[in-house]
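In what follows, a single structure is set out as structure tokens and then discussed.
The values are calculated or read from the model by the stated rules, or taken from the named source; none is laboratory data. Worth saying up front: this structure is predicted, and the values here are computed from it rather than measured. Virtual Cβ from ideal backbone geometry, glycine too; neighbours counted across all protein chains shown. The area values use the complete protein model at the heavy-atom level, side chains included, leaving out ligands, DNA and RNA. Shrake-Rupley method; radii C 1.70, N 1.55, O 1.52, S 1.80 Å.
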Amino acid sequence: MIRTFSYIDVMYLIAAARWTLALTATAFAGSAVLGLLLAIARISPIAPLRWITATYIHIVQGTPLLVWLFLIFFGLPFVGISVNPWLAAALAFSIYGSAFLGEIWRGALISIARTQWEAGASLGLSMYEQLRHVIVPQSIRVAIPPTVGFLVQLIKNTSLAATIGLVELTREGQLTAAGTYKPFAVYITVACIYFAMCFPLTQWSRSLERKLDVAR
């Protein structure tokens, strides 16, 4: 039986948005850990390590996110590893996001003048100590705006998790549209919820860019 698109449906969509945010937080955490390791490896003095990480980044960035979702969700069971939609989405987004955060943070690290590295080395600091005490504190200022921008993109990209059956905002929108036969009203509502999640972050990112430009 076809039902009308009502206030209750809007509440279900808003409730589903919490899973979008939860997936975003999980994926961003995974991307951040892997991305930091990639960024450090990319500036490592060990050439093979730089080549391996560069190859990884090129492969991941050159492959659609949807393909990573399908590879993990449908591919891992072929080798005996069973994954549910949530785990598959978290892994896929973490792998995909790490390649982008790794490059963002590598760019922030190498934007620091070489003389800063030399000053740290002259004090007898190891590479880790140089990063911790000299380079990272300065590079954070450069990295924050693009990192927030990436987070906005990640929120929107989580909609692809609907393709493997994860019931987040987009998937709940599909189910609601199928039950009410009101796709226009449903997806306008879905779009408004995404906008409500992304717009404050976008404005914050722009504000940070302006403040950091002035502070330089």
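Summary table
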| read-out | value |
| --- | --- |
| Between 0 and 90°, nearest 10: helix 47-61 axis offset from the chain longest Cα axis | 20 degrees |
| Percent of C-alpha pairs per 5 Å bin, the range 26-92, short to long | 4, 16, 19, 21, 19, 13, 7, 2 |
| Kirkwood Rh (inverse of mean 1/r, distinct Cα pairs), the range 121-216, angstrom | 16.5 Å |
| Accessible area expressed per residue, the range 1-107, with surrounding protein chains retained (probe 1.4 Å, Å²) | 54 Å² |
| Kirkwood-type radius of the range 131-179, with distances r between different C-alpha atoms, in Å | 13.3 Å |
| Area accessible to solvent at Ser159, 1.4 Å probe radius, in Å² | 30 Å² |
| Added length on full extension, which subtracts the Cα-Cα distance from 0.36 nm per residue, His133 to Thr55 | 25.2 nm |
| Dipole magnitude (debye, nearest 20) for the chain, charges at Cβ of Lys, Arg, Asp, Glu | 280 debye |
| Nearest 10 degrees, 0 to 90: helix 183-215 Cα axis against the chain principal axis | 20 degrees |
| Carbon plus sulfur fraction of accessible area for the chain, probe 1.4 Å, in percent | 70 percent |
| 0 to 90° range, to nearest 10: angle between helix 136-157 axis and the chain longest Cα axis | 20 degrees |
| Binned Cα-Cα distances of the chain, short to long, each 10 Å bin given as a whole percent | 8, 27, 29, 21, 11, 4, 1, 0 |
| Solvent-accessible surface (1.4 angstrom probe) belonging to Phe199, in square angstrom, nearest 10 | 90 Å² |
